[in-house]
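Below is one structure; the comments refer to it alone.
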Amino acid sequence: MIHRPPSTPDWRQLQIAQVNNSLAKLSQVNSQLSWLTSSVSNLDSMVVSLPSKFKGLRGNGFVHRASAETKLNDLVTGWNQVRADLTPQIESFRQKLDTQINPLRNQGQMILNRMNQPLVMQQAMRSEITQFDAAVNNVNLTTSNQLNQLTNSFGTLKEDFGQIEEVVADAENAVNSITSASFPLMEREHPIVCLKVKKHEPGEENEGRLFVTDQRLLYETEKEVVLEKKWFVVTKKKMDRVLDLEVPLGLITEAHKGRVGFMAWDGVYVEIKPGKKYNQAIFDTHGEDTEKLVGAIDYVLSGQADKDRVLTEAIEKPPEGIKAFFCVKCGAPLNVLTTRGIAEVNCMYCGTKNKIQ
């Protein structure tokens, strides 16, 4: 058997590949610009949607994360200021880029067309392709530097908006999940977060939902309930949520991250004051849920939850305004400002003094 060496690409193939590589770099430049404009549009969307979602949460009785809502208001103001300068810069950059990229793209296509001609000179084409490649690299470098400058002008804002978006998503999940919980909330008790976790201790290991409110830590799981049997055979059953663990937040000293389970996954250890029949609750968590659980418990223990609730209740309290009363003599409506310190008002029709306090 004759072993032939593998064939090597001829000079045309190598130079065609080099041109195609340069054209691909030009396409990447356009992709970077598209990412920039997409990021701006995403921020524009969050400026509108996040305040609206916070308003919806307040309407559903969610009283926490007032500091995040205040930060959101500052971010909206900051983004509006940045955007006023950023938009014309992006448009100017786009126009300048078009004048650079389009001629280079046409030049590259023309080179590829000539490469297919039979009498093309190798040395001449190699020199032209080298110059073309250098021009593309120069545009690519200049574009990357300019894009980095534009991105840096709002990069921190984008990251902060993303954090607020996650806070809102967690709050919406907590509010929605509490409606299907197996336990009622106590008076003036409000949910903060709800996470899917696996409880290791105390008791048996099982999977379920863990709620952190401003009053308690509550863990519920699903258990099978037999509804009907025939000759010792279960013919009808259902799954019910049941409360498996309840710990008042006042009995918790701290929550910290640690390794949990046989495979040593991330988890959370909740330390409980002496006096309970158990002094620790251990939960197997996933991904960012570890930080969220520790953060939610710290949010309450630090007193920040109480501060936010007071601030929210002060903001959400209906403002004092005009309230309708009726004259005790003529029955005419009285437009009374419900302002502290005003005890009586004169009827504008008959002049009678009406006590309003």
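Restriction of the chymotrypsin sites (Phe, Trp or Tyr not before Pro) in region 262-294 to DSSP coil positions whose beta-carbon has at most 13 other beta-carbons within 10 angstrom yields 262, 278. Here the Karplus curve 6.51 cos²θ - 1.76 cosθ + 1.60, taken at θ = phi - 60°, turns the phi angles of region 205-221 into couplings of 7, 7, 9, x, 10, 10, 9, 10, 10, 7, 10, 9, 10, 10, 10, 10, 10 Hz, with x standing for Gly and Pro.
Multiply the residue separation of residue 288 and residue 94 by 0.36 nm, subtract the distance between their alpha-carbon atoms, and state the gained length in nm to one decimal.
On the way: separation 194, 0.36 × 194 = 69.84 nm, distance 3.75 nm.
Taking 0.36 nm per residue and subtracting the Cα distance, the gain is 66.1 nm.
Near residue 185, no amide H atom lies under 5 Å from its own; only residues 5 or more places off or on other chains count, and H is placed 1.01 Å from N.
What FRET efficiency comes out for residue 67 versus residue 349 if R0 is 51 angstrom and r is the Cβ-Cβ distance? Round to the nearest 0.05.
Numbers: r = 50 Å, r/R0 = 0.97.
Using R0 = 51 Å, I get an efficiency of 0.55.
Pairs of alpha carbons in region 11-167 separated by more than 26 Å make up 48% of all such pairs. Rounded to the nearest 10 degrees, the inclination of helix 66-115 to the longest alpha-carbon principal axis of the chain is 20 degrees. For the chain, the longest principal axis of the Cα atoms and the long axis of helix 11-59 meet at an angle of about 10 degrees. Only Cα pairs under 8 Å and at least 6 apart count here; give the relative contact order of the chain as a rounded whole percent. Averaging sequence separation for qualifying contacts and normalising by length gives 13 percent for the chain. Anything over 20 Å Cα to Cα? Flag those among 223/277; 25/96; 273/307, in the order listed. In this structure, 223/277; 273/307 lie more than 20 Å apart at Cα.
Output the pairs from 199/257; 198/292; 55/355; 71/292 with a Cα-Cα distance over 25 Å in this structure; if there are none, say none. Walk me through the intermediate numbers first.
Values: 199/257 14 Å; 198/292 15 Å; 55/355 37 Å; 71/292 19 Å.
Pairs exceeding the cut-off: 55/355.
Farthest towards the positive end of the charge dipole of region 11-167, among the residues 37, 81, 19, is the Cα of 19, using unit charges on the Cβ of Lys, Arg, Asp and Glu. The amide H of residue 244, built 1.01 Å from its N in the peptide plane, has 219, 220, 221 as neighbours under 5 Å, considering only residues 5 or more places off or on other chains. A Gaussian network model of the chain, with springs between Cα atoms under 10 Å, assigns the largest mean-square fluctuation among 50, 245, 195 to 245.
Residues 348, 125 in ascending order of nearby Cβ atoms (within 10 Å, fewest first): 348, 125. Against the chain, whose longest principal axis is taken from its Cα atoms, helix 155-178 shows a tilt of about 40°.
What is the extension gain from residue 335 to residue 196, computed as 0.36 nm multiplied by their sequence separation minus the C-alpha to C-alpha distance, in nm to one decimal? Walk me through the numbers before you get to the answer.
Details: separation 139, 0.36 × 139 = 50.04 nm, distance 5.31 nm.
Difference between extended and current length: 44.7 nm.
With a Förster radius of 45 Å applied to the C-beta separation of residue 106 and residue 44, the computed FRET efficiency comes to 0.85.
Ratio of Rg to Rh for the chain, alpha carbon only, Kirkwood? Display every interim value, and only then the final one.
Numbers: Rg = 33.6 Å, Rh = 27.6 Å.
The Rg/Rh ratio comes out at 1.22.
Mean-square fluctuations from a GNM of the chain, with a 10 angstrom spring cutoff on Cα atoms, peak among 159, 271, 344 at 344.
The relative contact order of region 11-167 comes to 51 percent, based on Cα pairs under 8 Å that sit 6 or more residues apart.
When shorter helices are ignored and each DSSP H run of at least 4 residues is given -39500 (n - 2.57), the per-residue value for the chain at 222 nm works out to -18000 deg cm²/dmol. Here r is the Cβ-Cβ distance between residue 163 and residue 188 and R0 is 25 Å; the resulting FRET efficiency, rounded to 0.05, is 0.35.
Read-outs throughout are calculated quantities, based only on the coordinates presented, and are distinct from any laboratory measurement. Given the structure is predicted, the values throughout are model-derived calculations rather than measurements. Please note: Cβ atoms are built from the backbone with ideal geometry, for glycine as well, and neighbour counts cover all protein chains shown.
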